[in-house]
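Visitor: This is the structure I want to talk about, given as structure tokens.
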Amino acid sequence: MKNSVINTKRPVDRRSFMKSGILAGGAAAVGAGLLTNGTSARAQERGRLNEGDIAILRFLAAAELIESDLWTQYAELGGIGNNQPIEVNPTPTPPLNNYQVALSNLDTDGPQYITSNTLDEVSHANFLNAYLESRGAEPVNLSQFATLPGSTAQGSSLKPRLTNLMHLNVDTSWFVRYRSTTNPDLGASFPQAITLNNVTAIPRNDADFNGAANSNFQGNEHIQAIANVAAFHFGMIEQGGSSLYAAMSQKVTDPEVLQITLGIGGDEIAHFLEWVDFAGNGVQQPVAPFKDPISGLSFPDFFNNPPLKPATLVQPSLIFPVPCEFISPDLPHVAIIRPLTDRFAGAVAAVASLTADGLFTGQSKLFLNTLQGLAERADAAIRLAF
């Protein structure tokens, strides 16, 4: 296969297969190379996927590569066990750095959860690209765009990155949305639970480790604020993935592809529910209230000083989706993942959200155009009847 990039000026055609790809030849996590004879034979035997299903899987593979990149950065600095499950790491666990301690203030198992979430996202990217190849379609490789400098703090691999976690504008409206009885798909909008603009979610350098990371002691507020930003960012990323897979599942045609979108989408929901609880722990006692004297970030105690009324809109202990409007305001409220429509949960909406997040600060226009092209083709997919 020839390496090529998407021509984003080409109009979206619901019936034409996107033969141009992102460095076609294999995802970096899977390994580059041509399809093997065995894979080709298997693809011929099982039949080729339709254009829409391929477009959906290719965008999801790109999204998972992006998630793998950002979660790997979190795992290097805040995870545990050198990004391996703790049970298969026979060496003694080294002392936690202050970022890990700050994350542990939100949940004692926080560093392990970060490592586990990272391994899950890498497995998603690997599987999706391998599956695409198994069905005779081009996988996705974003490695040419891994050019951004990352953290220089101890623990970082110092490798060039695909994403930027040090200039984030974290959309915290998800925290309010899932505690509301209204639905974005039916026109509802939601305020920010807390304002987090141009902030870092990881230690940028060793200086950010300074101070004991325990919010009950003076001098710790800076690293705790970074951990709290990360907590709200975790929830933002995983709720987006939950809605994206649900939206894409409504478009797929092949039953096996539906298994994939439902299966991986279910794992994204499992991640999201953990980070809902995790973020809430950063805005209640004993962690909150506190203010970072360096960044100026303040985290109030949402139980005793809720930023919104009624207080239930930001109540930290409400960790499951509150029943809301669905399909029609005339029907009973029901607890669901939301949004579910292309407008708010589709591929183009996902790209817009990640871009507004600051996750791609410093990225090339070619990267953004490439990602947008993949997203437009995924959203253009329609379920076909056979």
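Visitor: Percent of Cα-Cα pairs per 10 Å bin, from 0 to the last occupied bin, for segment 37-379, please list those.
Guide: 6, 25, 33, 24, 10, 2, 0
Visitor: Report the full-extension gain for the segment A385 to N210: residue separation times 0.36 nm, less the Cα-Cα distance, to one decimal in nm.
Guide: Between A385 and N210, full extension yields an extra 57.0 nm.
Visitor: For R161, enumerate residues with amide H under 5 Å from its amide H, sequence gap 5+ or separate chain, H modeled in the peptide plane.
Guide: Distant-sequence amide H within range of R161: T147, L148, G150.
Visitor: Hey, rough spin-label estimate for L262 and L331, points 7 angstrom out along Cα→Cβ, what's it come to in nanometres?
Guide: Result: 1.8 nm between the two label points.
Visitor: Let me ask something else about it. What are the ³J(HN,Hα) values, in whole Hz, obtained from phi via the Karplus relation 6.51 cos²θ - 1.76 cosθ + 1.60 with θ = phi - 60°, for each residue of segment 273-288 in sequence order, with x given for Gly and Pro?
Guide: Couplings: 4, 5, 6, 4, 5, 4, 5, x, 5, x, 10, 8, 5, x, 6, 9 Hz.
Visitor: Sticking with this one: I'd like the Karplus ³J(HN,Hα) series for segment 351-356: coefficients 6.51, -1.76, 1.60, θ = phi - 60°, whole numbers in Hz, and an x wherever there's a Gly or Pro.
Guide: Karplus-based 3J(HN,Hα) across segment 351-356 equals 5, 4, 5, 5, 5, 4 Hz.
Quick note: the coordinates plus some simple rules give every number you see, no bench work behind them. Small disclaimer: the values here were computed from a predicted structure and weren't measured. No Cβ is skipped: glycine too gets one built from the backbone with ideal geometry, and neighbour counts run over all protein chains shown.
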